[in-house]
Amino acid sequence: MFIKSIAFENFRNLEKDVFIPSEGINVICGDNAQGKTNLIECIWLFTGGRSFRGSKENELIAFGQKFARISLCFVSEGREQNIEITISGGKRAAVLNDVPKKLMSQVIGSFCSVVFSPNHLTLIKNGPEERRNFIDAALCQIKPSYAVLLTRYKRALNERNALLKDIPRHRELEDMLDIWDEKLAEEGVKISIARNSYVEKLSGPALIFYEGISSGRESFGLEYRSSVNNEEKTNPQALKVSMLTSLNQKRAEDILCGYTTVGVHRDDLSVIINGREARKFGSQGQQRSAVLAMKLAEANVLGTERGEAPVVLLDDVLSELDPARQDYLLNRLDGMQVFITCCERIKGAGNAVRIENGKIFSLEE
Ligand code: ATP
Ligand code: MG
């Protein structure tokens, strides 16, 4: 999958223009506050997702304007396709291949992209929720039905938690926990198996990318950590029995706490560099490399599952990486269209453009 052109009008500080990237590496350089991240954010919006900066819709419209319009022409599944997005009145509306779509979610899955920005370092730095969300979001892109599983699990969890809070005042309700334990275990097994299998698929490419970025100097590993003890990670029956046993063992504690202390909503993904947890012991550069390797691996797995590689967006990734790590990113990401931003121009690295005050200039080699 690759982008042929992107047009923007009134999008943040970007001047009305049409940008034609190359099919390989695109380096977008410019001083601070010129519009580099705005361009990356603009491309990301075509995936149908929300701004990775957590921005509200109206914040995307250029100051003083009433609407913003962006359009993308890209090649996927062997044919040229287009998406147009108009933002106004706090809402986004999309047209996919000339057909208006009522909901942004109807666009998800047409244009696929993986984004890395400094915000994503929280994937290592923060608690397990970020890492579970990373796996869940990736699985939703590969298999939209996974989102249904998550919703069912969350609903059962909320019901069980509400019941746990009522039990101290109404002991007779305790028997009803069995119903929700069963439901949690049933959906939890499917989620756990899907996540385990995804992490297994991700581990190989993540290791290769990490070794590439670190020039093979450091070892890297990913491991799914279940809050339920079970050796049989792929056997649904055995897993269900373990989940039910754990829920039962924790029942008294759960009633005291007023929430469910065990289950897939408490699982984590361990990111290990040189045998130690990256979150606790990794340097800033190692953590950055780890997130980067995970994002590139996400692109790789998504590419394998869908049959074509997604577009890779790397914002501000080069700062804090030493020259060998930079070289890997700029020269050895074959077969993917990549957009990478940086402050300094890097000679000889892909197609280079410069952004100045929202205007894009081509830089001839
Ligand atoms: P850095 O190297 O510091 O990350 P950048 O080139 O990535 O800089 P951007 O985040 O793209 O910079 O922002 C560029 C400019 O866009 C900022 O000066 C910001 O004030 C401006 N900007 C943000 N939102 C809007 C908007 N809605 N309308 C007009 N300008 C905006
Ligand atoms: Mg930026």
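The values are calculated or read from the model by the stated rules, or taken from the named source; none is laboratory data. Just so you know, these numbers come straight off a predicted model, no measurement behind them. Virtual Cβ from ideal backbone geometry, glycine too; neighbours counted across all protein chains shown. These accessible areas exclude ligands, DNA and RNA; they are computed on the full protein's heavy atoms, side chains included. Shrake-Rupley method; radii C 1.70, N 1.55, O 1.52, S 1.80 Å.
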### Task
Can you tell me which residue within region 185-198, out of those that are among the aliphatic types (A, V, I, L, M) and in contact with a Phe, Trp or Tyr (Cβ under 7 Å, 6 or more places away or on another chain), is most open to solvent (accessible area, probe 1.4 Å)?
Ala194
### Query
Which numbered condition trips up Ala162, out of (1) hydrophobic (A, V, I, L, M, F, W, C); (2) exposed (fewer than 15 other Cβ atoms within 10 Å of the Cβ); (3) within 26 Å of Leu222 (Cβ to Cβ); (4) more than 25 Å from the chain's Cα centre (by Cα)?
(3)
### Top-ranked residue of region 319-329 - restricted to ones that are under 22 Å from Ser22 (Cα atoms) and in contact (Cβ under 8 Å) with a residue 12 or more places away in the chain, ranked as surrounded by the most Cβ atoms within 10 Å (Cβ to Cβ)
Leu329
### Task
For region 347-361, state whether one or more residues are open to solvent by less than 10 Å² (accessible area, probe 1.4 Å) and on the phi > 0 side of the Ramachandran plot.
yes
### Summary
The residue from Asp268, Asp334, Asp316 that alone is open to solvent by 20 Å² or more (accessible area, probe 1.4 Å) and within 16 Å of ligand 1 (Cβ to nearest atom) is Asp316
### Identity of the residue in region 1-58, among the β-branched types (Val, Ile, Thr) and under 26 Å from Asp327 (Cα atoms), that ends up nearest to ligand 1 (Cβ to nearest atom)
Thr37
### Task
Within region 230-252, identify whether any single residue is closer than 30 Å to Lys165 by Cα, touching a Lys or Arg at 6+ places or on another chain (Cβ under 8 Å) and surrounded by 14 or more Cβ atoms within 10 Å (Cβ to Cβ), and answer yes or no.
yes
### Query
Can you pull out the residues in region 271-285 that are in contact (Cβ under 8 Å) with a residue 40 or more places away in the chain, surrounded by fewer than 21 Cβ atoms within 10 Å (Cβ to Cβ) and either closer than 19 Å to Val317 by Cα or in contact with a Leu (Cβ under 9 Å, 6 or more places away or on another chain) (or both)?
Ile272, Arg279, Gly285
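For (1) of a type outside the set (Gly, Ala, Ser); (2) within 23 Å of Leu96 (Cα to Cα), each residue gets a yes or a no:
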| position | (1), (2) |
| --- | --- |
| Arg12 | yes, yes |
| Ile20 | yes, yes |
| Gly35 | no, no |
| Phe63 | yes, no |
| Arg79 | yes, yes |
### Task
From the list Leu177, Leu123, Leu149, pick out the single residue that is part of a helix (DSSP H, G or I) and touching a strand residue (DSSP E or B) at 6+ places or on another chain (Cβ under 9 Å).
Leu123
